[in-house]
Structure formats: C-alpha cells, structure tokens
Amino acid sequence: MSLGERFERPPLPPGFDESRARERRSDPAGWRFDDAERAGVWRAITERRDIRRFRPDPLPDELLRRLLEAAHQAPSVGLMQPWRFILVREERTKAEMQALVARERLVQAERFDERARHYLDLKIEGIREAPLSICVCCDREPGREVLGRHTIRDTDLYSTCLAIENLWLAARAEGVGVGWVSFYREDDLRALLGLPERVVPVAWLCLGYPDERPSRPGLEAAGWERRRPLDELVFAERWGKRESEPRPPTIVASAYAVAPTEQPDWWRRLADEVRPGDPTAAIRVRDASDELVKPAGSLGALETLLERWAIATGTTPPSRPRAGIIVFAADHGVAERGVSLYPARVGAQVAAAAARGETAIGVLARALGAELVVADVGLSGPRVAGLVDRRVVDGSADITKGPALTAGQLRTAIETGHSLARHLAQRCDLLILGEIGIGNTTVASALLAALTRLPPEAVCGRGTGLDAQGLERKRDTVASALAANAPDGADPLECLRRLGGLEIAALVGGLLAAAAARRPVLLDGFATGVAALAACRLQPALRDYLIAGHRSAEPAHARVLTELGLEPLLDLRLRLGEASGAALALPLVGLAARLHTEMRRFDQAGVDRAGAE
Ligand SMILES: Cc1cc2nc3c(=O)[nH]c(=O)nc-3n(C[C@H](O)[C@H](O)[C@H](O)COP(=O)(O)O)c2cc1C
C-alpha cells in the first residue's frame, strides 16, 4: 500500500476497548461517569446500612434477580466466581437459623454489658422478619488451579465478600434492606443447608424492604463504635508511617526480599549508582505503539521489549543498536572434581579462540558488528594472547573445601567487571554479558541453591553434556559445597564470595555498571542469569535494566528467569555460554525498534485525524 492510500483502523470485535491511546493521554480522567451518575454511586456507598428490621412485603422476583446479578458482577481472582447463593424462604429454616443465632448471641452476650445485650436482642429478629434470606457461600473446589490463588489461598473468600458488597450497594440503591448475620457456627449452618465440606458459608444475609431507614450505622448510633478518622488508617509507604512524615530515602520496587544484611561501603557505592528506571517511559511507548497500523499489543514480547528498554533508557532503541559484548573468563578449583566434560585448561583455549573470533561469539560479534571484549578475570596457567588481562587470581578455590574467593578477591573481581563494562558502555547502546569458565555451571548451581534454598537436584543440569553419572557427581559436588560453606541466602554478597567464581563476580560488577550508565543488558544463559539474580537480590533496581536474551537448555535456567521475573526472547535449546544466546537475540532489539519507528501510523493516512479528532 502506498503512503498516500487511506488506511482505516480495522473494526474491533464487539466488547473490546474502543478507546485510543491518544484520547486516554489527552484526558486521563475521561472514563468517569457524569456528575449525577457519580453522585448516585457515592450515595449508595455512604448510605448503605446494615438493616435489622424488615417489612414483610416480598421482593419482586425481577428486583431480586437484579440484586443477584449485581453480586455476580463482582471481581474475583482469576475470574473464579466462587460465590454461590442459597435463597432461603421457608419459615422453618429461618426459624432454625434464628435459634442457632440466638444461642451464639447468648454466648457472646456474656461478655457484654446490659446496654449491649439489649441491642443484640434487637439485632437478630430480622432473620424471621425478612421475607428472604440469602446464604452466600464460597465453593472452594479443592485442587482447582486458579490464576492468582497460588500464593494466597483465601482469595476465593475475599472474592465472595466482594460479591456480597456489590449486592449490598445495589440493594441500597433499590431501597432494599440487607442485614448481615454472622453469629453462628459454620458447622451448624452446613448441617442446616446441606452444604458440602468444601463449601464455606461466608454470609447469612437478611433481605427485604427495611422497617427502619437509619442515617447512621446502628452500632454507631448506639454509641458502640464510631467511624475512625480516615487519616488514622492510611499509611505512606511503610506500616505505621504517616503521609506527613519524611519519606524513607529510596524506595525500589522489588520482586523479592532485599538483602537485609549490611553491605560493605565499596559495594554500597557501586550499587547506589543504579537508580530505578522510569515506568512512565513505557507508557509513552505504549501510546505511540497504539497508533501503529496493527492490532494493539499484537507484537507481543517485542512490545514488552520496547517498553522495558524505555524504562531503562527513557526512550526506544535505535534501529541499529551499538552492542558491546563482554565475555568474562575464569577457572574454578571445583573443575578438578570432574563436573564438566572438559578439563580446566580448555577454558583459556576457548577464551583465546573467542578473542580471535573463532568461536560462536566471535562469529556472532562479527556478524552483528558488535565490539567484543574477552577478559581474563581469573584464568589459571600462562597468560593468553588476545585477552584483556585483568586476572584477579589464578582461578577460584575449590568450593567443596571452603570459600571460592577471599573478600579482597571478590571485591577486585566485581570492580574489574564494573570498570570494563563502564568503559564499554560509553561507546554502546546496550551491553551483552556472558562468560567462559569450565565448571561454572556447578558453581552457578551451588550459588543458585544458596540464593533460593533449592536442593541440589533442582539446580543441577548436564552443563556442556554430562552423562547420568556425571550429573550425579555434580549434584554431590554441589551438596558438598553447600555443606562446606553453609551459605546464608539472606546475604547474597557472602554467597557470591563463598560459592561464586571470578567471572560470576565480574558479571555482577558489569551488570551494575551497565545499569548505572542506563544501558540495558542482554543476559546470556545460566551462569549469567545466576550472577544477575545475586546482583538483583543486592540491588533490586538493577532488574529494570535486564533483558533475558534466551532460555538455555540448562533446566535450572528457567528457574533463574522465573526468580528474576524475566521472559526470554529466544528459546533455542542453546547450552554454549560465551554470551552467544544473548547475541543471537540482539537483532530482535533493532527489528523491534524499526517496527516501532517505521511502521505506518493510522493517522498518517489522514483518515483517523479527520474522523476521530
Ligand atoms: C462480615 C460481617 C458480619 C456481620 N455480622 C453481623 C452480625 O452477626 N450481627 C449484626 O447485628 N450485624 C452484623 N454485621 C453488620 C455490622 O454490624 C454492620 O455492618 C456495622 O455495624 C456497620 O453498620 P452499617 O453496615 O449500617 O454501616 C456484619 C457485618 C459484616 C461486614
């Protein structure tokens, strides 16, 4: 289609959001009701009352239906709709319910004074008087996997309460009284109504036209309780903190507990340079995407990628992003334990070949026009030509015997990674970080186990290609390393010292430097991911700068990405390391950027502009 041609936005399927980003941006509050409608809603909220005295007149069926519909419109987690309504009209059932309630009322009344007892007397008559009772139940359906129920089991009960409130508000608007009775034992009510074990009776509601029209809650009028000032109940940022009090210095959104341990000053200095990204930049990108000639959101993960990029940098990526690749290479004492297919000396050879452009990352860097730095941060044996020589020490110590690094080595390795990445970041739009280290999936597995408290079986994979026996040996090695080092997951920096390696520590430094320079990082595989996880536990703001290049074949890498809350761009079953998976994802960044800037916009044809604005 030529640029001059008319290009109309395709019609939306019925029921879809017809608003446009442009409208929403120009009038963010434009979704509100008009004044009279809002006044009605507010009135229902403020004048909703718990009703205890009822007229005997029956409720019209059609009105009752509307009230139930209102309840059924309630929000529920995962749209699980756990509410069930038992309509009780029979006198006998209501009388039995009242007897149950009367008994419990007496049990409770023993604790109250005369005035309260008298008041409680009045309050249970409604069960018999009201022409209708509704027992609102929650069907818990055990075993049913419901979105959003995973962490908080009781979300079904909460959802049921929302249905009750909807009904209560709608009833008020219709002039119908609702009284909530809860003086009963659940088992008694279960027996009375034949509820199965899994069903929880959440409320017994009395419904009918009210024989009182209270302007205040009855308990308030009786001097039982007053409504507390709202400001007593509103805190700012932390429990107990008032809005007027000074704010805590930095508040960083975190998907996981921030390390509670005090960290050394040198670390704090590096970590504090990382500031949270700017979430409003993502909204700007979404606004712009919405104008493009495509259904909203149809570029899926590429749209997320652009939004994440914007959060990190404030804008969208260039169409040819300049990438800097750093591969940190190091050796590990634990490699002597036969946890890799390759002997330790291979690490230096691979690193040298990478620097000469002969390995996968060498080829990819060339193909992508990216600057490649291969740095020796802790190989052992003779120095190798072509590598940037930043060796901290000749390999880390065997983690099955004690800590991998001394405190000084850890600091130097992190600062080394930081300084290399800081310099490269100045010339690049993003960094691609990866590693070479024979035995480092074992080290990464041990570190992951320490950070997540997962058992060795859950964190160990075949690495470069171990057989079953080799895998068994690797698990035993990780178990020994955990036993020898007794790591405390709440102190990630110390976990890194005891179980990490020099390239992993350098990666942590590199990640911090990239983020401090507001450069996104494309993460490579398992070892890089574990380094990122340790770093995020120490500085949660870092996460805003991370993009998962791919998911590797190492099974625990999926777990690492889950912990980081990142979705990978590619899933090619790679298990190579060297930053190769991250490099393969790089073209997607440029292509996503080109789509964003070069796709035609609906308004460019002049059609929308004339019609909608
Ligand atoms: C979960 C719940 C259970 C309740 N149970 C009873 C009850 O057993 N007996 C009663 O007299 N009122 C009960 N009520 C009504 C409250 O006492 C009433 O809502 C409160 O006094 C505020 O009054 P208002 O609803 O008129 O604003 C219950 C309310 C709720 C939300």
Original post:
Which FRET efficiency, nearest 0.05, do R594 and R518 yield, Cβ-Cβ r, R0 25 Å?
Top reply: 0.70
**OP:** Please give the contour-minus-distance gain from D488 to E91: 0.36 nm per residue of separation, less the Cα-Cα distance, rounded to one decimal in nm.
**Re:** 136.6 nm
**OP:** Quick one: angle between helix 526-538 and the longest Cα principal axis of the chain, in degrees between 0 and 90, rounded to 10, please.
**Re:** 60
Original post:
Sorted by mean Cβ packing within 10 Å, highest first, what order do the peptides 81-92, 409-420, 364-375 take?
Top reply: 409-420, 364-375, 81-92
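What full-extension length gain, to one decimal in nm, is calculated for Q108 and R269 as 0.36 nm per residue of separation minus the Cα-Cα distance? Spell out each step's value before the answer.
Details: separation 161, 0.36 × 161 = 57.96 nm, distance 5.93 nm.
Full extension from Q108 to R269 adds 52.0 nm.
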Original post:
Amide H to amide H, which residues 5 or more places from D571 or on other chains are under 5 Å from it, using H placed in the peptide plane?
Top reply: R551
Original post:
Under 16 Å Cα-Cα from K241, which aspartates and glutamates qualify once same-chain neighbours fewer than 8 residues away are excluded?
Top reply: D231, E232
**OP:** Positive end of the charge dipole of the chain (Lys, Arg +1 and Asp, Glu -1 on Cβ, about the Cα centre): tell me which of G324, P279, A468 has its Cα farthest that way.
**Re:** G324
**OP:** Could you give the size of the charge dipole of the chain about its Cα centre, using +1 on the Cβ of each K and R and -1 on the Cβ of each D and E, expressed in debye and rounded to the nearest 20?
**Re:** 720
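Can you give the helix-only mean residue ellipticity at 222 nm for the chain, where every DSSP H stretch with n ≥ 4 adds -39500 (n - 2.57) and the sum goes over all residues, rounded to the nearest 500 deg cm²/dmol?
Working: 24 runs with 273 residues, N = 613.
The helix contribution divided over the chain gives -13500 deg cm²/dmol.
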Original post:
Which aspartates and glutamates does K294 reach when only Cα atoms under 18 Å apart count, and residues fewer than 8 places away in its own chain are ignored?
Top reply: E5, E8, D17, E18, E23, E303, E307, E598, D603, D608
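When only DSSP loop residues count, what trypsin sites (Lys or Arg not before Pro) in the stretch 451-517 have their Cβ near at most 11 other Cβ atoms within 10 Å? If you can, show how the numbers build up before the last one.
Working: sites: R453, R462, R473, K474, R475, R497, R498; in loops: R453, R462.
When the trypsin sites (Lys or Arg not before Pro) of the stretch 451-517 are filtered for loop state and at most 11 Cβ neighbours within 10 Å, R453 remain.
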Original post:
Can you give me the relative contact order of the chain as a percent, contacts being Cα pairs under 8 Å and 6 or more apart?
Top reply: 15
Original post:
Among the DSSP beta bridges whose two residues both lie in the chain, what percent are antiparallel, rounded to the nearest 5?
Top reply: 45
Subject >> D476 versus A367: modelled label distance in nm, points set 7 Å from Cα along the beta carbon direction >> reply: 4.1
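Sorted by average packing, counted as other Cβ atoms within 10 angstrom per residue and highest first, what order do 439-451, 341-353 take?
On the way: 439-451: 30.2, 341-353: 19.0.
Per-residue mean Cβ counts within 10 Å order the peptides as 439-451, 341-353.
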Subject >> Cα principal axis extents for the chain, largest first, Å >> reply: 96, 70, 49
Original post:
Restricting attention to the stretch 195-237, which trypsin sites (Lys or Arg not before Pro) occupy a DSSP loop and are surrounded by at most 10 other Cβ atoms within 10 Å?
Top reply: R226, R227
**OP:** Provide the per-residue ³J(HN,Hα) series for the stretch 476-485, in order, calculated from phi with Karplus coefficients 6.51, -1.76, 1.60 and θ = phi - 60°, each as a whole number of Hz, with x at glycine and proline positions.
**Re:** 4, 5, 5, 4, 5, 5, 5, 5, 6, 10
Original post:
Over the stretch 317-397, what relative contact order in percent results from Cα pairs under 8 Å that are six or more residues apart?
Top reply: 37
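Where a number appears in this text, it was derived from the coordinates with a stated rule and is not lab data. These numbers come from a predicted model, not from an experiment. FYI the Cβ positions are ideal-geometry reconstructions off the backbone, even for glycines, and counts take in every protein chain you see.
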